[in-house]
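The values are calculated or read from the model by the stated rules, or taken from the named source; none is laboratory data. Computed from a predicted model, the values in this text were never measured in an experiment. As a convention, Cβ positions derive from the backbone with ideal geometry for all residues, glycine included, and neighbour counts pool all protein chains shown.
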């Protein structure tokens, strides 16, 4: 169930393991692999070049307990080699993201479609599943939204995530625990016209923290570039924060205060550099110093927010002015009032609880022969190829284990 990345990978590996068996993909929409096609700005961020298991798990706010087993059986190296064997050469960008060398997601889509077709995987599009019913002694009766019945020996649910809890009812009715879905990977809406005037400014090496929320890898601070937009703040650091704090931000109704360390250094290092720079440039105008080498417009914003004139001579700055200016550089405060979806790559935190799934097989503990893969599971990563890697890993494992039981 589901013609996305996880569904196709599951079907391909099931059919590869047992070519004589019949494998059917059922997709609700009229187009398969739609998210693969639009991801990464149409380039498809296939995976992230991080083969170390412990390191890659740090990029998943939820689902690590399940993913570490799936990634051991099908990790980043497996993904790279599989796509290369099937004619898709990948390249690694500076930040570790991996794309096809064609920079075209159609390369990945065509690869999956071609391999499924070559193996004889069948596909029904425009066919939603209304419900499924376990049969005795084994197997499933699947009822489509059109009223048709399909009998299957095993069933893999890989239909992606849903934004509403009610949409999981077809699974929850069987006594399977569902973690309530909430948005993840979004940007911060900040009603600050002075900030908006810097639209397009990108600052590498920043840190972002949501006041009062200390979850995350660095005691609540999230590192990476920050992009100023016409609605507020975006960029990898903000997206990480939104992912790791998805539930806390949802509970706060996205009405919070965000702190930005534009230097990315933390207070101690920034203050040391700050003091040395002011000493060396005592006779200069403050507007011409820019000790942290910010984009010029950002440095002007820091001065404006601190009430310091750009024409003020450095040696004439009061201690209060210096402290206020440094504070804005390392803990610049903005009021967040809402969120904006990050491009088309909407991800939900929530879904089938990992406690319901056998980590070695992706099989449902309560219903033998039922498997889960991909975003339907309460498992998600930050942006950068991690969600696709989770889809390949869980799809592979569900596919090979499901066909063994068919």
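Table: residues versus (1) touching a helix residue (DSSP H, G or I) at 6+ places or on another chain (Cβ under 6 Å); (2) surrounded by fewer than 20 Cβ atoms within 10 Å (Cβ to Cβ).
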residue	(1), (2)
173	no, yes
196	no, yes
216	yes, yes
226	yes, no
239	no, no
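Exactly one residue out of 212, 216, 160 is under 24 Å from residue 246 (Cα atoms) and free of Cβ contacts under 8 Å to residues at least 40 places away in the same chain, and it is 216. Checked against the criterion of being over 22 Å from the mean Cα position of the chain (by Cα), assigned to a loop (DSSP other than H, G, I, E, B), at pLDDT 95 or above and under 29 Å from residue 224 (Cα atoms), the range 313-323 has no qualifying residue.
Only residues that are part of a helix (DSSP H, G or I) and surrounded by 15 or more Cβ atoms within 10 Å (Cβ to Cβ) were counted across the range 278-312, and they come to 11.
In the condition set (1) in contact with a strand residue (DSSP E or B) (Cβ under 6 Å, 6 or more places away or on another chain); (2) in a loop (DSSP other than H, G, I, E, B), residue 25 is compliant with all but (2).
Of all the residues in the range 38-54, those that are part of a loop (DSSP other than H, G, I, E, B) and within 13 Å of residue 92 (Cα to Cα) number 7. Scanning the range 253-267 for residues that are without any contact (Cβ under 8 Å) to a residue 12 or more places away in the chain and either under 29 Å from residue 56 (Cα atoms) or crowded, with 20+ Cβ neighbours inside 10 Å (or both) yields a count of 0.
The single residue among 120, 128, 161 that is under 28 Å from residue 374 (Cβ atoms) and under 20 Å from the mean Cα position of the chain (by Cα) turns out to be 161.
In this structure, does residue 159 turn out to be touching a helix residue (DSSP H, G or I) at 6+ places or on another chain (Cβ under 8 Å), in the same structural domain as residue 366 (by TED's automatic domain parsing) and assigned to a loop (DSSP other than H, G, I, E, B)? So residue 159 fits the description; yes. For the range 16-36, the count of residues that are loosely packed, with under 14 Cβ neighbours inside 10 Å, in contact (Cβ under 8 Å) with a residue 40 or more places away in the chain, assigned by TED's automatic domain parsing to the domain that holds residue 356 and farther than 24 Å from residue 121 by Cα is zero.
The single residue among 136, 179 that is assigned to a strand (DSSP E or B), out of contact with any helix residue (DSSP H, G or I) (no Cβ under 6 Å at 6 or more places or on another chain) and over 16 Å from residue 406 (Cβ atoms) turns out to be 179. Using the structure shown, decide if residue 201 is in contact with a strand residue (DSSP E or B) (Cβ under 7 Å, 6 or more places away or on another chain) and within 23 Å of residue 374 (Cβ to Cβ). In short, no. The combined condition, being touching a residue at least 40 places away in the same chain (Cβ under 8 Å) and closer than 24 Å to residue 37 by Cβ, is not fulfilled by residue 180. For residue 334, the conditions (1) within 26 Å of residue 245 (Cα to Cα); (2) out of contact with any strand residue (DSSP E or B) (no Cβ under 7 Å at 6 or more places or on another chain) all hold with the exception of (2). Does residue 55 satisfy being over 16 Å from residue 375 (Cα atoms), within 17 Å of the chain's Cα centre (by Cα), surrounded by fewer than 19 Cβ atoms within 10 Å (Cβ to Cβ) and free of Cβ contacts under 8 Å to residues at least 60 places away in the same chain? So residue 55 passes the test. Residues in the range 80-137 that are touching a strand residue (DSSP E or B) at 6+ places or on another chain (Cβ under 8 Å), farther than 30 Å from residue 382 by Cα and surrounded by fewer than 18 Cβ atoms within 10 Å (Cβ to Cβ): 122, 124, 130, 131, 133, 134, 135. Residues that are in contact with a strand residue (DSSP E or B) (Cβ under 6 Å, 6 or more places away or on another chain), outside any helix (DSSP H, G or I), at pLDDT 95 or above and closer than 22 Å to residue 197 by Cβ do not occur anywhere in the range 345-357. Go through the residues of the range 38-47 one by one and say whether even a single one is under 15 Å from residue 388 (Cβ atoms) and out of contact with any helix residue (DSSP H, G or I) (no Cβ under 8 Å at 6 or more places or on another chain). Taking every residue of the range 38-47 in turn, at least one turns out to be under 15 Å from residue 388 (Cβ atoms) and out of contact with any helix residue (DSSP H, G or I) (no Cβ under 8 Å at 6 or more places or on another chain).
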